[in-house]
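Note sheet for the following structure.
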Amino acid sequence: LDNNINDAIVEGLKIIPIPKEYQSVQSTGITDFTSVSDLQNIAIIVGGIAFLTYERRPRGSVDNQLLEIKRSTIPNANFGVFAKKFIPEGTRLGSFPGFIKRFDAAMEKKSNDQAKKSSQRYIWGLDEDIILDPTNNDGLLELELKFLFGLYKVDTMIARINEPPVGKDINAYVRIQGSEVEVFAERDIFPDEEIFIDYGLKYNRDNYNDISTVDTIKKLTEQEDNNNKDNEIKSQRIQSVIFDPST
């Protein structure tokens, strides 16, 4: 037999030379079992990293063709979300923005107690411990959530939807599916009408009756405006409605 076993295949008692164009491929070791195993391991690792990165992305969406940010119709409130045009009942408006976090871990990242208090006006609880947090470390709501060095962005407009004041009713409702908090039109909504939703039973509304918080709201609003002075719309607002339910 030919001593150069790499250059031939033994078929029974007959030696068939391997064509030269295939010899270079064999010499690379790509067909070697060890190399294939290494490639599989690399593929598994890369896939795992991609999956974890995807799971850590901020959630949220908004239909910018339907909604816009304007000054709220609620006294002493800052900004709200309004219909740009007629929105039929049942239309999906978007989903609540935020990074999925444990509540305690999210609060630990805030810069101070005021930031913790401010952030809790915006966060949405998915269960007893898991939340969607759209705020930064100062507890402020920026126009966008940025991920992967800004390559992935999420509009935070939906987090600016207010609860209705006394005498008004909601015109949108929330449907929660896993980590997605979707917002739909509960009825037909007309152009320039402000969108209102119910924040749920667990939302802390203590500050609704506390007129002393007005100064705090104004200071936080000024801080948010300064933080976004280069943005076209300075629409950082504290998601708070201050009113006296007895009136």
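Side notes on the structure shown:
- Any chance Leu201 is within 25 Å of Ser118 (Cα to Cα) and not in a loop (DSSP other than H, G, I, E, B): no
- The selection criterion, being at pLDDT 95 or above, outside any strand (DSSP E or B) and not β-branched (Val, Ile, Thr), holds for Asp192.
- Residue match in segment 79-90 (condition: under 16 Å from Tyr203 (Cβ atoms) and open to solvent by less than 40 Å² (accessible area, probe 1.4 Å)): no
- In the set (1) crowded, with 18+ Cβ neighbours inside 10 Å; (2) in a strand (DSSP E or B), Phe184 fails one condition alone, (1).
- Scanning segment 60-86 for residues that are of a type outside the set (Lys, Arg) and either on the phi > 0 side of the Ramachandran plot or in a strand (DSSP E or B) (or both) turns up Gly60, Ser61, Val62, Leu67, Glu68, Ile69, Asn76, Phe79, Gly80, Val81, Phe82, Ala83.
- Residues within segment 107-144 that are part of a strand (DSSP E or B) and either within 22 Å of Leu201 (Cα to Cα) or at pLDDT 95 or above (or both), tallied: 7
- From the list Lys116, Lys153, Lys110, the one residue that fits, being without any contact (Cβ under 8 Å) to a residue 12 or more places away in the chain and in contact with a Lys or Arg (Cβ under 6 Å, 6 or more places away or on another chain), is Lys153.
- Whichever residue in segment 131-149 is out of contact with any strand residue (DSSP E or B) (no Cβ under 6 Å at 6 or more places or on another chain) and touching a residue at least 12 places away in the same chain (Cβ under 8 Å) and, among such residues, is nearest to Arg57 (Cα to Cα): Phe147
The values are calculated or read from the model by the stated rules, or taken from the named source; none is laboratory data. All of these numbers come straight from a predicted model, not from anything done at the bench. Every residue, glycine among them, receives a Cβ derived from its backbone with ideal geometry; neighbour counts consider all protein chains shown. Keep in mind that these areas ignore ligands, DNA and RNA; they rest on the heavy atoms of the full protein, side chains included. Shrake-Rupley method; radii C 1.70, N 1.55, O 1.52, S 1.80 Å.
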